[in-house]
Amino acid sequence: MASTADESTPLFGSELVSKTTPSSTFTDVPPPLSSSQIIRNNNRASLFLFLEAKTPSGLKYESFTVFLIFLSVITFILASVFLPSYNVDSQLAHLCCDGWCDAIWFGNNPKNALSGLGIGATSIVELFVVGVFSIDYVARLYTADLIDPKFQGFMGRVRFCFTFFSLVDLASTVPFYVDAFLLPDTDLAASTFLRMFRLLRMMKVEGRFDLALGMIDDVLVAQKDVLGTAMFVGVTVWGVLSSFFYLAERKNTDMIYCGRASHCDVDDIDTSLCTFDEWGFANCTAAGCASIQGEEEEACWNVYRSIVDSSFWTLTNLFGEFPLVDQHSAWGQVLGTFTAVFAVAVFALPVGVISSGFEDQIANRREKEEEGSSGAVGGGEID
């Protein structure tokens, strides 16, 4: 029994032609598809295969879109070099800040050669790239049901719009239309920055990228319990070291910071003259920087005045950075040494788990490939 001509029909319309005749005695058999319906189904299938790079021309189009991605990102980066307002002393910035040079490549100046369009600062490169990706998105939306049956119909298309790569496509194109047609006279910096999201479209390229990204997901899922244990160990070490640093440095006058004291000359403050009360609050009146009466914020304070404050600097140390090493007390330097040792262990643990997970996943995939090959050979018949 033939199916109706809707989005659930097979890709190739030649398979959809009903073999029944109008004189059939079965009343529930629909009429055969018309030639226009068959052509439409074939056209949608061809478009889908083209967009998914399943045809020679589709592969060329995929390479072309990758080129556009890099072109868009490179012009976005170089545009900051040719922006006079941000590079006042740069002679290079004035070489391509107006006229056709800016209109072709960067679109920094709203008064360049494209100002007659009335859509604010833009460039020919940006117009072309956004145009291509807009048409690409509409075409992918049109053939979304061929990716997965759950994207059939109006609600299916809405569901498709909220998939990851669909959101990436929208984030890279919609801000241009908002900036150009809704806010043409407003400097919407975020819309330019969102063009960087086009780099994420590289993740759609098939081949080794799909394999690598899929393997990362498999490793994280397979090792989630062990990674959770490693995270617990890391957080525990972080908390313990933060507490020890707090005890070692909370009375250290070299750790006093007076950056918020606008009424004091920070360079002339001798923090060794500061004192601490029983709550750990610093008093730098003797050092020439007293707190102003009525102000809630302290003029000076110890950066290790609490375990919460200490945790920030401890985390920095665990990452391998010691910006305050010359201001630490003797006990603080000893703790810094232990922190460097623990940091290696804390970071080595998840790295080892993930490395082992990759080895297991590669072994599993090779085993499945070998089983598939042996099954194909064993399933053959010998005449």
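The values are calculated or read from the model by the stated rules, or taken from the named source; none is laboratory data. Remember, predicted model here, so these are calculated numbers, not experimental data. Cβ placement follows ideal geometry from the backbone for every residue including glycine, while neighbour counts extend to all protein chains displayed. Calculation scope for accessible area: heavy atoms of the full protein, side chains included, ligands and nucleic acids excluded. Shrake-Rupley method; radii C 1.70, N 1.55, O 1.52, S 1.80 Å.
When residue 231 is tested against (1) at pLDDT below 85; (2) within 37 Å of the chain's Cα centre (by Cα), exactly one condition is not met: (1).
Total residues in region 153-180 satisfying the condition of being at pLDDT 90 or above and open to solvent by 60 Å² or more (accessible area, probe 1.4 Å): the figure is 4.
Rundown of residues vs (1) buried (at least 16 other Cβ atoms within 10 Å of the Cβ); (2) at pLDDT below 90; (3) within 30 Å of residue 226 (Cβ to Cβ), yes/no style:
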| site | (1), (2), (3) |
| --- | --- |
| 272 | no, yes, no |
| 275 | no, yes, no |
| 279 | no, yes, no |
| 294 | no, yes, no |
| 320 | no, yes, yes |
| 323 | no, yes, no |
| 342 | yes, yes, yes |
| 370 | no, yes, yes |
| 380 | no, yes, no |
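Within region 216-227, one or more residues are at pLDDT 60 or above, farther than 16 Å from residue 365 by Cα, touching a helix residue (DSSP H, G or I) at 6+ places or on another chain (Cβ under 7 Å) and in a loop (DSSP other than H, G, I, E, B). Out of (1) surrounded by fewer than 14 Cβ atoms within 10 Å (Cβ to Cβ); (2) in a helix (DSSP H, G or I); (3) at pLDDT below 85; (4) not β-branched (Val, Ile, Thr), what's the single condition that is false for residue 111? Of everything listed in (1) surrounded by fewer than 14 Cβ atoms within 10 Å (Cβ to Cβ); (2) in a helix (DSSP H, G or I); (3) at pLDDT below 85; (4) not β-branched (Val, Ile, Thr), residue 111 misses just condition (2).
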